[in-house]
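The values are calculated or read from the model by the stated rules, or taken from the named source; none is laboratory data. Please read these numbers as outputs of a predicted model, since none were measured by experiment. Backbone-built Cβ (ideal geometry, glycine too); neighbour counts: all protein chains shown.
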Amino acid sequence: MSEVIVGERSATKAEQWRERITEQERSGMSVRQFCKQQGLAEHCFYGWRKRLRTAGPLRFALLEPSEAARATGSTVELVLPTGERLRIAAGTDAVTIRAVLEALRA
């Protein structure tokens, strides 16, 4: 069985820019200072920041882990538009997941 990957390159590029934008926000530096230090073009930084912010509303779907996932201790990872990651361990009860999602939406 072959695997079909759609838009892998653009998804990877978007993730890289999400990480850069998050790093800049946490650094306390201006965009100009950060881009100069990282060797990035300022116009690219602003373009990607705008593109990622206007990507649309954040939507969630509640997933129930399979028995196999519970047995292996698998996790589900959500990558937020800000680049932050939320890892949910298999076996986490639905009430806790809903509470976390509500906090993120607030």
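From Arg70, Arg98, Arg51, Arg59, which residue is exposed (fewer than 12 other Cβ atoms within 10 Å of the Cβ) and at pLDDT below 80?
Of the residues listed, the single one that is exposed (fewer than 12 other Cβ atoms within 10 Å of the Cβ) and at pLDDT below 80 is Arg59.
Taken over the range 9-37, the criterion of being at pLDDT below 85 and over 15 Å from the mean Cα position of the chain (by Cα) is satisfied by Arg9 alone.
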